[in-house]
Structures are given as C-alpha cells and as structure tokens.
Amino acid sequence: MIRNTLLYLSDQPRVFKFVRNNRLAKQFARRFVAGETVTEALAAVRELNAKGITASLDLLGESVSTEREARNARDEYLQLLDRIHESKLDANVSVKLTAMGLDIDQELNVASMQDILGRARQYDTFVRIDMEASSYTDVTLDLFEQRLYPAYKANVGVVLQSYLYRTFADVEHMNTLHARVRLCKGAYKEPAKVAYPDKRDVDANYIKCMRELMLKGNYPGIATHDPAMINEAKRWAKEQGIRADRFEFQMLYGIRRDLQESLVKEGYRVRCYVPFGTQWYPYLMRRLAERPANVAFITGSVLREAFNGRR
C-alpha cells in the first residue's frame, strides 16, 4: 500500500508543483539532491572535492518518450561535461540509457551515447551507464559490450546489481573484458524469478561478486552504505593484498556523509553519486517506492549522523 501511494504521488503534477514551491519540502530534498541547476550541482561537487571525495553527476530524468527529449538530454550531458572540465572538478557522469532514447530507437540511443563518450574521451574522463530494471539488463549489457565499449574502453563502464541471480556470471564476463563495473545491491522491485527475494541472499551475492571484482576486476566501484559490506571489503583487501587505489567505495549524496568522510581519512577512495535537476521530486518518490524500507533507511542515516555530531 505504501509503495502504491508513493508511486501515485510521484506522477501527480499538481503535487509536484506544490512540493517544488514548498520551502520545507525543498529543504528536505536538498539533503539528497544537489539542486535543480548545473551550477548548484557543481557547487556540491566542489564541496565534496574539498573533503577528498570525488563525484559522479546524474541529471535526473529517464524513460523519455520523444526523440526531441532524448536529444535534449544528450545536449545537457555534453554541456555538463564541458562545465566539469572548465571548472577543473574531480567528477564524472552517470547516464541512464532510457534518458537517451532507448525506448524510442536503439540507433538514436547509440548515437547519443557515442556523442557523450566522444566528449568524455576528449576530456579524458568517464561515463557510467546506470542499470535500470531487470527488463533492461540484457539490452544494456549488449549495447555496452557490442556498440560502446569497443571504441571507448577507457571512458565507459556499467552497473551490476547483486539482487539478480545472473549477476555473478555477468561479473565474471565483465572481468574478462577488463570493463569497469559499479556493484550495487539494486533498488527496483523485481519478481522472484529473476531476483533474490531474501535480503540475506542479496547480501551474500553482493559479497561474492565484490570479492571477484576486487580480486580480478578493473577498478570496481563498491557501491554500498552497509557497514558490514564495507568492513568485508576492507578485510578482503587486506587478506588478498589489494591496494586501496585499486577500487573505490561509492555512496549516494546526502547519505552517511560521516561514513564517507571517515573512509577518506582512512585512506580509501570514495565517490559520491550526485543527482540533480528539476525532476528531483519524482526521483525521490520513486526511490522510496522501489523499496519503502528506504524511508526508514534514510531516516536512520540522518539520525545516525546527528548522534555523531553532524549538523
């Protein structure tokens, strides 16, 4: 019931309009979304960089329905890469293929991604292709391997989700390609025929995949806020003699800022995923709806930081 309510509210323009003009709502959102403009997003990255934290910027908005929307999204990413370069910030970008027209036309999608990757190569930076729901897993990995990775090996990587049964096999395959992988648990609501329904199994698969990536992968991103997973990554790295510069921890903007900073102080690399844009309200509502337990997680994160003396 909570999930359905959140999904309903995420698609209500009148509610969105009210929330965007509500001071308290915007103040809450700014904790987890770095504003609506590129300038605001870059300011957030500048603050992160000052703390020794790198960033991956994501322009909110996905599943576009027209070619014009897809081309506009491409142009905004090109400008974003320009601004990052001009500002000399330590940041890359994350892109969803559905924002580049995947649901409209694959050739349009590939052409848009090639434009973005060409700009990234010009600036010697990196583009992470975000993973969406399991219905997009095959097409995302196929387009990555066949159409994008061959020409832009140093500039593009993918995301794999440990709640899918298939993921360890995908990890092994990506390792043979020497492709860069970001490993996360996954947030979409998936059927039991494709994903582990039990959190314990998701966690166990995460650890299995994480170990394989750290041992044999190409600079993997260990995306988690779970202290147990982080401690296991540290333990595994020590046991296997894996240097701290061979992987990085990745976390969401506004979540466990205390943990992000403490990891940097310990000598680990940390990258913060920084979403921004006018679509912040649907983004927040969908993230909460995907797993209503996220409400408790976010609340717990805020309280944990408060008890640790964070403002």
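The values are calculated or read from the model by the stated rules, or taken from the named source; none is laboratory data. Given the structure is predicted, the values throughout are model-derived calculations rather than measurements. Every residue, glycine as well, gets a Cβ built from its backbone with ideal geometry; the counts of neighbours run over all protein chains shown.
Among the residues in segment 90-101, are any of a type outside the set (A, V, I, L, M, F, W, C), in contact (Cβ under 8 Å) with a residue 40 or more places away in the chain, out of contact with any helix residue (DSSP H, G or I) (no Cβ under 9 Å at 6 or more places or on another chain) and buried (at least 21 other Cβ atoms within 10 Å of the Cβ)? Scanning segment 90-101, I find at least one residue that is of a type outside the set (A, V, I, L, M, F, W, C), in contact (Cβ under 8 Å) with a residue 40 or more places away in the chain, out of contact with any helix residue (DSSP H, G or I) (no Cβ under 9 Å at 6 or more places or on another chain) and buried (at least 21 other Cβ atoms within 10 Å of the Cβ), so the answer is yes.
Residue count for segment 135-170 under the criterion of being in a helix (DSSP H, G or I) and in contact with a strand residue (DSSP E or B) (Cβ under 6 Å, 6 or more places away or on another chain): the result is 4. The condition of being under 19 Å from Asp90 (Cβ atoms), in a loop (DSSP other than H, G, I, E, B), modelled with pLDDT of 95 or more and of a type outside the set (S, T, N, Q) does not hold for Tyr273. Of Ile222, Ile207, all but one fail to be farther than 18 Å from Asp245 by Cα, among the hydrophobic types (A, V, I, L, M, F, W, C) and either part of a helix (DSSP H, G or I) or under 18 Å from the mean Cα position of the chain (by Cα) (or both); the exception is Ile207.
For segment 191-214, the set of residues classified as in contact with a Phe, Trp or Tyr (Cβ under 8 Å, 6 or more places away or on another chain) and either hydrophobic (A, V, I, L, M, F, W, C) or closer than 22 Å to Leu143 by Cα (or both) consists of Val194, Ala195, Val202, Cys209, Met210, Leu213, Met214, listed by residue number. Just to verify a result, which residue in segment 139-191, among those that are over 18 Å from the mean Cα position of the chain (by Cα) and β-branched (Val, Ile, Thr), is farthest from Asp124 (Cα to Cα)? For segment 139-191, the residue satisfying everything is Val139. Within the option set Arg14, Arg20, Arg46, Arg31, being at pLDDT below 95, closer than 30 Å to Gly267 by Cβ and surrounded by fewer than 18 Cβ atoms within 10 Å (Cβ to Cβ) holds for one residue only, Arg31. Within the set Glu266, Glu261, Glu239, the sole residue that is surrounded by fewer than 14 Cβ atoms within 10 Å (Cβ to Cβ), within 24 Å of Lys51 (Cα to Cα) and not polar (S, T, N, Q) turns out to be Glu266.
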